[in-house]
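Heads up, the thing below is written out as structure tokens.
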Amino acid sequence: NHTKVTEFILTGFKSHPGSQLLLSLLFSTMYIITVVANALMILIIQMDSKLHTPMYFFLENLSILDICYSSVITPKAALTFSAGRRSISYNGCASQMFFFSLFGTTEAFFLAAMAYDRFTAICNPLLYQTIMNKRLCVLMVVGSYLSGCINCTIQTGFTFSLYFCGPTKEISHFFCDVPAVMRASCSDTTINEIIMLAVCGSIIVGTALVVFISYMCIIIVIVQMPSAESRHKAFSTCSSHMLAVSMFFGTVFFMYAQPGATASPDKSNTISILYTTVIPMLNPFIYTFQSREVKGSLKKQLKTKGFYF
């Protein structure tokens, strides 16, 4: 069959109707929490001038990114499970892959930039304001998005240059992820897999190394601090970042940075839920809502609106 494919069928998580409804409800709930929590985080940072620092500048941009990141995947997945509309057009699939790769790659660079910010704050406190000036912070954010654009263009371009037997083709996933779409191709995907491993692997390993080296230096400095109170304060500003970073890089490394990443559809579906829906939902809670500055700002804002504790 040499007919060009016009649409794909998403076959991930097929089960009986009761389970499909439960999955739809779960995805919808997580998406609502993601949008509300991240939007609240942006609002808090914008309204409190005390939070206009490099750390919260990156966190604000991370919240914006997580809303976009989750919006590319979760609403379509919830609709697929609830209404059974598993088809997605060829162009729609390519667009979903493009924006998912864009936001996912950008988040990896954001996490590296945030780790460098914490490294500078703890290891070079006297030079912190000079080094982490507004111009550098903006350049880091813009550079992260540009890096994401380069990667998503490469991944989407090479993946959709493959041949797909038409007019419809099944994708064993709940969204158009690169490995899943490659598995559905009728072409030899060896070159594409090598490119994915080289490009994604270098991005993931490179950004993870920046994070790892930054936090290793931070831990060494914290251990050498003479005061237990200083150690506790320094560690509390980094522990949440380390948790979120471990979750993100652990899941994406499993998906994209190891040989044979396209070979296990069932595991891929399960792992994908973590970095497409769970991590964007948890980020505002892990990073900021446990911060004393954010909680203090939130209480102050609520009191100005007439709410008292």
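Results, tabulated for the structure shown:
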read-out: Single unsatisfied condition, ASP266 versus (1) part of a helix (DSSP H, G or I); (2) open to solvent by 40 Å² or more (accessible area, probe 1.4 Å); (3) at pLDDT 75 or above; (4) more than 18 Å from LEU59 (Cβ to Cβ); value: (3)
read-out: Among the residues listed as ALA234, ALA198, the single one being modelled with pLDDT of 85 or more, of a type in the set (Gly, Ala, Ser) and not in a loop (DSSP other than H, G, I, E, B); value: ALA198
read-out: Only one of ALA180, ALA208 that is surrounded by 14 or more Cβ atoms within 10 Å (Cβ to Cβ), of a type outside the set (Val, Ile, Thr), in contact with a His (Cβ under 6 Å, 6 or more places away or on another chain) and touching a residue at least 40 places away in the same chain (Cβ under 8 Å); value: ALA180
read-out: So GLU229, is it open to solvent by 60 Å² or more (accessible area, probe 1.4 Å) and in contact (Cβ under 8 Å) with a residue 12 or more places away in the chain; value: no
read-out: Conditions (1) open to solvent by less than 40 Å² (accessible area, probe 1.4 Å); (2) closer than 25 Å to TYR275 by Cβ; (3) in a helix (DSSP H, G or I): number failed by THR120; value: (2)
read-out: Only listed residue being in a helix (DSSP H, G or I), more than 19 Å from PRO179 (Cβ to Cβ) and open to solvent by 20 Å² or more (accessible area, probe 1.4 Å), chosen from LEU79, LEU59; value: LEU79
read-out: Tally of residues being touching a Phe, Trp or Tyr at 6+ places or on another chain (Cβ under 7 Å) and either surrounded by fewer than 20 Cβ atoms within 10 Å (Cβ to Cβ) or outside any helix (DSSP H, G or I) (or both) across the stretch 64-76; value: 3
read-out: Filtered residues of the stretch 12-33 (kept if of a type in the set (S, T, N, Q) and modelled with pLDDT under 85); value: SER15, SER19, GLN20
read-out: Failed item, numbered, when MET216 is tested on (1) out of contact with any Lys or Arg (no Cβ under 6 Å at 6 or more places or on another chain); (2) surrounded by 20 or more Cβ atoms within 10 Å (Cβ to Cβ); (3) among the aliphatic types (A, V, I, L, M); value: (2)
read-out: Within the stretch 18-30, tally of residues that are closer than 13 Å to THR80 by Cβ, open to solvent by 40 Å² or more (accessible area, probe 1.4 Å) and not aliphatic (A, V, I, L, M); value: 1
read-out: Test: residue in the stretch 154-176 that is more than 23 Å from the chain's Cα centre (by Cα), among the charged types (D, E, K, R) and outside any loop (DSSP other than H, G, I, E, B); value: yes
read-out: Residue count for the stretch 82-115, restricted to those that are open to solvent by 60 Å² or more (accessible area, probe 1.4 Å), in contact with a helix residue (DSSP H, G or I) (Cβ under 8 Å, 6 or more places away or on another chain) and at pLDDT below 95; value: 2
read-out: Residues located in the stretch 9-51, provided they are among the hydroxyl-bearing types (Ser, Thr, Tyr), assigned to a helix (DSSP H, G or I) and touching a residue at least 40 places away in the same chain (Cβ under 8 Å); value: SER24, SER28, TYR31, THR34
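The values are calculated or read from the model by the stated rules, or taken from the named source; none is laboratory data. What you see is a predicted model; the values in this text were computed from it and never measured. Neighbour counts run over all protein chains shown; Cβ positions are idealised from the backbone, glycine included. The protein model used for the area step is the full one, side chains on, heavy atoms only, and it has no ligands, DNA or RNA in it. Shrake-Rupley method; radii C 1.70, N 1.55, O 1.52, S 1.80 Å.
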